[in-house]
Ligand code: HEM
């Protein structure tokens, strides 16, 4: 197979999976979307958002020009959808999305190969703009500073990996060319990057309380369909289809970051866990998902190259990198315990991405995924 070049997969050498900075707003024709997406937090707080959405004109999404405008439109429309569905909390959710949102959202989603629902790709990768080395959140969900902080920290974690994209590329190139020095230095650099990702993730604690995440923000990330969902029958997209549609909810599990690292380092998971991760990958930016698929098809995988090289420095660099990924996952489990398990006051809290399964094995699942990573050190 041809070389894997990250730049061919909408991955930047400087900011990784984040979208290169783009304008905050769409052209004037789309002003109703700009306005509603921006004023969503205030209008939801005053319970006026649903009515405002119902008055929105049906706009022609074919007037959107180019990839970035479509990504921004998708972000705005899924935010509008989220505010519309969940304005009155999980108990007051509605089952139908009006045509003025449903139709353009459906069409833009088809154009981009995205799901017509709020995803991590929207609220983090499109929404977090890199400005002077920091992350600026363009559009917020309800909840003010705590919500903005969650989105910003997700962006910071992505940016931290993004700054290490060159080391990922060096690992790929080094493995392909059997260049031990390049592979060793790439793995050593990536170990530092993963450690920095953990430090970035820890920033969540600075400005986000478990109560805020669980009770204020989480409902707005909700999907629909399945017994665990308040919209159990699925959502009807008016003007598109009379059949209700089921979608999983938005979750940082939709980040391609960890699956990229898994596939790069040759970490594998059992079929049931992989099935969940694969379903999640259907909610990623298509080019990012394609990268993950292509990584699994590399003819000579990194652990194989490392084993065959019988080089102490290279082996040490590989083991160190896998250890950092294991530690990152261990830390992430602490984060999930704090923000979901403890905050939900339940022994079996719902997965964020629940749909039909209503999975209750959240922490065991995350621990098994972590243990699969750890095994690669042996
Ligand atoms: C308050 C912060 C966070 C919470 C509460 C949280 C919660 C969760 C939950 C509940 C899952 C299980 C799958 C699901 O139900 O969706 C999960 C999985 C996952 N999360 Fe997070 N998460 C947080 C932050 C992050 C961040 C910032 C990232 C990376 C950018 C991330 C990456 C992942 C990944 C990749 C998985 C899949 C399992 C794995 O590969 O280890 N999470 N998270």
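Given 191, 184, 209, 147, which one is more than 19 Å from residue 117 (Cα to Cα) and within 16 Å of the ligand (Cβ to nearest atom)?
Result: 209 is the single residue among 191, 184, 209, 147 that is more than 19 Å from residue 117 (Cα to Cα) and within 16 Å of the ligand (Cβ to nearest atom).
Taking the range 232-252 on its own, how many of its residues are in a loop (DSSP other than H, G, I, E, B), within 16 Å of the ligand (Cβ to nearest atom) and either under 27 Å from residue 298 (Cβ atoms) or in contact with a helix residue (DSSP H, G or I) (Cβ under 6 Å, 6 or more places away or on another chain) (or both)?
The qualifying residues number 2.
Residue 94 is checked against (1) farther than 22 Å from residue 148 by Cβ; (2) out of contact with any helix residue (DSSP H, G or I) (no Cβ under 7 Å at 6 or more places or on another chain); (3) modelled with pLDDT of 95 or more and fails just one. What number does that condition carry?
So the condition that residue 94 fails would be (2).
Give the range 106-136 a look and list any residue that's outside any helix (DSSP H, G or I), touching a strand residue (DSSP E or B) at 6+ places or on another chain (Cβ under 8 Å) and under 21 Å from residue 283 (Cα atoms), or say none.
Hits for the range 106-136 are 115, 116, 117, 127, 128, 129.
List, please: which pairs have Cβ atoms under 6 Å, are six or more places apart or on different chains, and start with a residue in the range 331-343 that is closer than 15 Å to residue 219 by Cα and without any contact (Cβ under 8 Å) to a residue 12 or more places away in the chain and end with one that is in a helix (DSSP H, G or I) and more than 8 Å from the ligand (Cβ to nearest atom)?
The qualifying pairs do not exist here.
Condition test on residue 280, is it within 12 Å of the ligand (Cβ to nearest atom), within 20 Å of residue 198 (Cβ to Cβ), in contact (Cβ under 8 Å) with a residue 60 or more places away in the chain and surrounded by 18 or more Cβ atoms within 10 Å (Cβ to Cβ)?
Judged against the criteria, residue 280 is not a match.
If I go through the range 1-30 residue by residue, how many of them are under 15 Å from residue 68 (Cα atoms) and part of a strand (DSSP E or B)?
Total satisfying the criteria: 1.
Rundown of residues vs (1) modelled with pLDDT of 95 or more; (2) under 18 Å from residue 123 (Cβ atoms); (3) within 22 Å of the chain's Cα centre (by Cα), yes/no style:
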site: 12; (1), (2), (3): yes, no, yes
site: 17; (1), (2), (3): yes, yes, yes
site: 39; (1), (2), (3): yes, yes, no
site: 52; (1), (2), (3): yes, no, no
site: 71; (1), (2), (3): yes, yes, yes
site: 79; (1), (2), (3): yes, yes, yes
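Would you confirm, using the coordinates I've provided, whether residue 177 is more than 26 Å from residue 9 (Cα to Cα) and surrounded by fewer than 17 Cβ atoms within 10 Å (Cβ to Cβ)?
When the stated conditions are applied, residue 177 does not pass them.
Answer yes or no as to whether residue 37 is out of contact with any helix residue (DSSP H, G or I) (no Cβ under 7 Å at 6 or more places or on another chain) and under 14 Å from residue 140 (Cα atoms).
In short, no.
Kindly list, by first and then second residue, each pair from a residue in the range 151-171 that is without any contact (Cβ under 8 Å) to a residue 40 or more places away in the chain to a residue that is in a helix (DSSP H, G or I) and near the ligand (Cβ under 9 Å from one of its atoms), limited to pairs with Cβ atoms under 7 Å and residues at least 6 apart or on different chains.
151/124
For the range 288-325, give me the residue count where each residue is farther than 30 Å from residue 114 by Cα and either touching a strand residue (DSSP E or B) at 6+ places or on another chain (Cβ under 9 Å) or part of a helix (DSSP H, G or I) (or both).
21
Restricting attention to the range 283-300, which residues are at pLDDT 95 or above and crowded, with 18+ Cβ neighbours inside 10 Å?
283, 284, 285, 288, 289, 291, 292, 295, listed by residue number.
Considering only residues of the range 253-267 that are assigned to a loop (DSSP other than H, G, I, E, B) and near the ligand (Cβ under 10 Å from one of its atoms), which is surrounded by the most Cβ atoms within 10 Å (Cβ to Cβ)?
The qualifying residue surrounded by the most Cβ atoms within 10 Å (Cβ to Cβ) is 256.
Say whether the condition of being outside any helix (DSSP H, G or I), surrounded by 19 or more Cβ atoms within 10 Å (Cβ to Cβ) and under 16 Å from the mean Cα position of the chain (by Cα) is met by at least one residue in the range 141-151.
Looking for residues that are outside any helix (DSSP H, G or I), surrounded by 19 or more Cβ atoms within 10 Å (Cβ to Cβ) and under 16 Å from the mean Cα position of the chain (by Cα), one finds at least one in the range 141-151, hence yes.
What pairs come up if the first residue lies in the range 239-263 and is over 19 Å from residue 286 (Cα atoms), the second is within 8 Å of the ligand (Cβ to nearest atom), and their beta carbons are under 7 Å apart, counting only those six or more places apart or on different chains?
Cβ pairs passing all conditions: none.
Just for the range 15-34: of the residues that are crowded, with 21+ Cβ neighbours inside 10 Å and in contact with a strand residue (DSSP E or B) (Cβ under 7 Å, 6 or more places away or on another chain), which one is farthest from residue 81 (Cα to Cα)?
Step by step, filter the range 15-34, then rank; the result is 15.
Would you check if residue 67 is out of contact with any strand residue (DSSP E or B) (no Cβ under 6 Å at 6 or more places or on another chain), assigned to a helix (DSSP H, G or I) and more than 24 Å from residue 159 (Cβ to Cβ)?
When the stated conditions are applied, residue 67 does not pass them.
The values are calculated or read from the model by the stated rules, or taken from the named source; none is laboratory data. Please read these numbers as outputs of a predicted model, since none were measured by experiment. Glycine also receives a Cβ, built like all others from the backbone with ideal geometry; neighbour counts cover every protein chain displayed.
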